[in-house]
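Working notes, structure below.
The values are calculated or read from the model by the stated rules, or taken from the named source; none is laboratory data. Since the model is a prediction, treat every value here as computed from it, not as a measurement. Every residue, glycine among them, receives a Cβ derived from its backbone with ideal geometry; neighbour counts consider all protein chains shown. Quick note on the areas: whole protein, heavy atoms, side chains included, nothing else; ligands and nucleic acids left out. Shrake-Rupley method; radii C 1.70, N 1.55, O 1.52, S 1.80 Å.
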Amino acid sequence: MNNYRLVERARLDRRNTFGVAATAPLLVEVPDSNDLPELFAYPMLRDGPVLVLGGGSNLLFAGDPEGAVVSLSGQQIAITADDGERARVRADAGVEWHALVLWTLGHGLAGLENLALIPGTVGAAPIQNIGAYGVEVREHIEAVEAFERATGAVRRLSAEDCAFAYRDSLFKREPERYVVTAVEFSLSREPALRLDYSGIGDELLAMGIRAPRPSQVAEAVCRIRRRKLPDPALVGNAGSFFKNPIVPQGQAQALKDAHPMLPMFGGNDDASRKLSAAWLIDQCGWKGHRDGDAGVAASHALVLVNHGHATGAQLLELARRIAGSVRERFGVTLEPEPRIIGARW
Ligand SMILES: Cc1cc2nc3c(=O)[nH]c(=O)nc-3n(C[C@H](O)[C@H](O)[C@H](O)COP(=O)(O)OP(=O)(O)OC[C@H]3O[C@@H](n4cnc5c(N)ncnc54)[C@H](O)[C@@H]3O)c2cc1C
C-alpha cells in the first residue's frame, strides 16, 4: 500500500526560504521512496517537468512551477558499516541537514562539523555539493542513491559518478534526471579538524577552547553563521545568491593589478582563479540596497533578501541588475547559485 499524499494547487510560500508566493499544480509528499516507481508511472510525473523540493533554501520561485512538485520526507538515519576507525552513515533524502550533522557528531563521527547549520535537506546536499568554511560535502560522500526517471531504476552513484565541482554536480546540470533518495557518507572516528578558514580558530579561542572536539567546531561555526547570515525565519533569503566566479588566471591577475584589495582564491586548476563575488558586488555599491521589498542584506553583499512582500520576479530583476553592474565594471560574469524556477536567468 502506498502512503504518499497528493495536494492539488498547493501553495509553496512557506516551502521556500525567500518566502515568496508560488503555487504548484500538484504537490506529492513521499514518505517512502520505494513508492517512486509507482508514482512516476502517472503521466503527469512520467512525461512532464517535475521539481523535487527539499527545504526550498536554494531556489527562487520567479514564477509557478509548471509541473508536479515532489517532496521526500523519509527520516531514517543508520550506520551501515563500521570498522572502529571509519563508519558509513546512510540518511534518507528528507532528513534535515543540520540534524544529520548533529547525529553524526553525537555518534562520535567527524567530518561534517564545518557544514553545521546549512539549511535544507540531506537529499539536496549533493545537488550543489554544499560547502562552507573550507569543506565541501563531496569529501565525505561515499555514494548517492537516486531514482532515475528514464529507467525507473534506483541507482547507486559513487562520488566520482556524481561529477562534483564547486557548487555543482551532475544533478545540478541535469535537474530532471534523478530524484536523490538517500546519501551515504564516510566519516571518521579520528577527527582531522579544519580550523584555518574564516575565523573558526578565533571563535574557538573566544569560546575558551584550545583543543577543540568536532562538536565544538560545529558550535563555533554555528555562532559565526548566526552572526553573519540573516535568519530566513526572520527575513527571507537563500544564502549566497551568486557563486564566486572562476576566471582565467590572466584575467584574474589583471583585475588584481587594477584592484589590489580584490580577494582571490585557488580556481579549478592552475590556469584559473576564484574571485570573491561579495567583494565585486560590494564595490558596485549594492550592500544594503533596497528596491521596495527586494533588497541586498546590509551585512552581506552576496545575500538577496525579501523584506516582506517581494515577488520572486522582483528579486530576480534585482539579481540581474547586480550581475549587469558587475559585468560592466569588472568584465566578470556572475552566475546565480540557487535554481530559478519559472523564468530564465
Ligand atoms: C541562510 C542560508 C545559508 C546558506 N548557506 C549555505 C552554505 O554555507 N553552503 C551551501 O552550499 N549552501 C548554503 N545555502 C543554500 C542551501 O541551504 C543549500 O543549497 C541546501 O543544500 C539546499 O537544500 P534544500 O533542501 O533547501 O534544497 P531546495 O532548495 O529544496 O532545492 C535545491 C535544488 O536541489 C534540488 N533537490 C532538492 N532535493 C532533491 C532531491 N532529493 N533529489 C533531486 N534534487 C533535489 C531541487 O530540485 C533544487 O534544484 C544556504 C541557504 C540559506 C537560506
Determine whether residue 219 is modelled with pLDDT of 95 or more and surrounded by fewer than 16 Cβ atoms within 10 Å (Cβ to Cβ).
no
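Yes or no, residue by residue, for (1) free of Cβ contacts under 8 Å to residues at least 60 places away in the same chain; (2) open to solvent by 10 Å² or more (accessible area, probe 1.4 Å):
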| site | (1), (2) |
| --- | --- |
| 29 | yes, yes |
| 52 | no, yes |
| 58 | no, yes |
| 97 | yes, no |
| 117 | no, yes |
| 142 | yes, yes |
Give 101, 122, 135 a once-over and let me know the one that is open to solvent by less than 10 Å² (accessible area, probe 1.4 Å) and either among the aromatic types (Phe, Trp, Tyr) or within 12 Å of the chain's Cα centre (by Cα) (or both).
122
Identify, please: which residue in the range 250-274 is touching a residue at least 24 places away in the same chain (Cβ under 8 Å) and outside any strand (DSSP E or B) and is, among those, surrounded by the fewest Cβ atoms within 10 Å (Cβ to Cβ)?
268
Among strands (runs of 3 or more DSSP E) entirely within the range 51-144, at least 2 residues that are within 14 Å of the ligand (Cβ to nearest atom) occur in 59-61, 68-72, 86-92
Selection over the range 2-25 where residues are on the phi < 0 side of the Ramachandran plot and free of Cβ contacts under 8 Å to residues at least 40 places away in the same chain yields a count of 10
Within the range 282-331, the count of residues that are free of Cβ contacts under 8 Å to residues at least 60 places away in the same chain, part of a helix (DSSP H, G or I) and within 23 Å of residue 15 (Cα to Cα) comes to 3
Which condition number in (1) open to solvent by 70 Å² or more (accessible area, probe 1.4 Å); (2) assigned to a loop (DSSP other than H, G, I, E, B); (3) within 19 Å of residue 115 (Cβ to Cβ) is the one that residue 227 fails?
(2)
Positions within the range 314-345 being open to solvent by 60 Å² or more (accessible area, probe 1.4 Å) and hydrophobic (A, V, I, L, M, F, W, C), in sequence order:
345
Given the conditions (1) outside any helix (DSSP H, G or I); (2) over 17 Å from residue 55 (Cβ atoms); (3) open to solvent by less than 50 Å² (accessible area, probe 1.4 Å); (4) out of contact with any Leu (no Cβ under 7 Å at 6 or more places or on another chain), every one holds for residue 247 apart from (4)
Could you check the range 263-286 and list, in sequence order, the residues that are more than 25 Å from the chain's Cα centre (by Cα) and of a type in the set (A, V, I, L, M)?
271
Qualifying residue in the range 201-208 (condition: touching a Lys or Arg at 6+ places or on another chain (Cβ under 8 Å) and within 16 Å of the ligand (Cβ to nearest atom)):
yes
If you go through the range 168-208 one residue at a time, how many are outside any helix (DSSP H, G or I), under 22 Å from residue 110 (Cα atoms) and either open to solvent by 70 Å² or more (accessible area, probe 1.4 Å) or not small (Gly, Ala, Ser) (or both)?
14
Please verify whether the range 17-40 includes one or more residues that are of a type in the set (A, V, I, L, M), under 28 Å from residue 242 (Cβ atoms) and outside any loop (DSSP other than H, G, I, E, B).
yes
Considering only residues of the range 290-313 that are surrounded by fewer than 19 Cβ atoms within 10 Å (Cβ to Cβ) and closer than 23 Å to residue 245 by Cα, which is nearest to the chain's Cα centre (by Cα)?
299
Taking residue 66 as the residue in question, decide whether it is farther than 12 Å from residue 180 by Cα and open to solvent by 40 Å² or more (accessible area, probe 1.4 Å).
yes
Those residues of the range 155-166 which are within 14 Å of the ligand (Cβ to nearest atom) and crowded, with 19+ Cβ neighbours inside 10 Å amount to 157, 162, 164
